[in-house]
Amino acid sequence: MKNRSMAVWALAMGTLLLGGCASKSVQSGGQSSYASRNAPISDLSTQGAERVSPGVLYAKADPSSANRQAAEIRAEQTATLAAGLRDVFFGYDSWAISEEGRQALMKDADWLKTHGTAQLKIEGHCDERGSSAYNLVLAEKRAKSVRNYLMELGITTNRLSVVSYGKERPFCNDRSESCFQQNRRGHLVLKP
């Protein structure tokens with residue numbers, strides 16, 4: 001009987017606490033605003049949002065933003081291919097650059113030296129094995145390893161940026177070692 005009374009009391013307290021909480025709406029611009037559940041939804045900025053029910057807004061996708069991002073990615077891919085920059089591939093659970101990777105980076109550094117204003121983004125990637133959190137850290141170490149080697153070869157740090165994608169953007173989707181090897185990479189992207 002005592003346990004049942006405690007459960008009813010806990011449920012009642014939880015209802016009281018949650019009933020008075022603010023609701024949050026997220027807009028496509030990344031801004032969020034808070035409103036009391038009792039405040040009229042019209043008080044919120046609804047640009048880029050869709051009313052689902054009273055008091056609930058969902059962010060709507062902005063097609064112009066998605067199109068702009070796709071165009072930027074295509075421009076980066078085109079510029080990178082035209083420059084002939086090569087990726088660096090890593091062993092399992094490693095961020096050490098192989099001799100083959102060093103040779104590729106020497107050629108990449110030579111190209112960067114002859115194109116003194118070129119900006120480079122170095123993306124770190126992993127295969128699908130391991131947790132997302134672990135792979136984000138490992139991919140960052142890979143990207144930084146590539147960046148540091150390019151700096152040793154004379155490329156200034158203000159021309160290099162690093163981003164980690166972990167296992168979220170695989171190059172190959174097969175479940176084989178040869179595919180995993182292609183996904184363990186430091187991908188060089190020339191910023192147009």
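The values are calculated or read from the model by the stated rules, or taken from the named source; none is laboratory data. Just so it is clear, the structure is predicted and the values come from calculations on it, not from any experiment. Positions of Cβ are backbone-derived with ideal geometry, glycine not excepted, and every protein chain shown enters the neighbour counts.
Out of Arg159, Arg142, Arg129, Arg175, report the one residue that is within 22 Å of Ala79 (Cα to Cα), of a type in the set (Lys, Arg) and either surrounded by 14 or more Cβ atoms within 10 Å (Cβ to Cβ) or out of contact with any Lys or Arg (no Cβ under 7 Å at 6 or more places or on another chain) (or both).
Going through Arg159, Arg142, Arg129, Arg175 in turn, just one is within 22 Å of Ala79 (Cα to Cα), of a type in the set (Lys, Arg) and either surrounded by 14 or more Cβ atoms within 10 Å (Cβ to Cβ) or out of contact with any Lys or Arg (no Cβ under 7 Å at 6 or more places or on another chain) (or both): Arg159.
Could you tell me which of the residues Leu57, Leu112, Leu105, Leu85 is modelled with pLDDT under 70 and touching a strand residue (DSSP E or B) at 6+ places or on another chain (Cβ under 7 Å)?
Step by step, each of Leu57, Leu112, Leu105, Leu85 is checked, and only Leu57 is modelled with pLDDT under 70 and touching a strand residue (DSSP E or B) at 6+ places or on another chain (Cβ under 7 Å).
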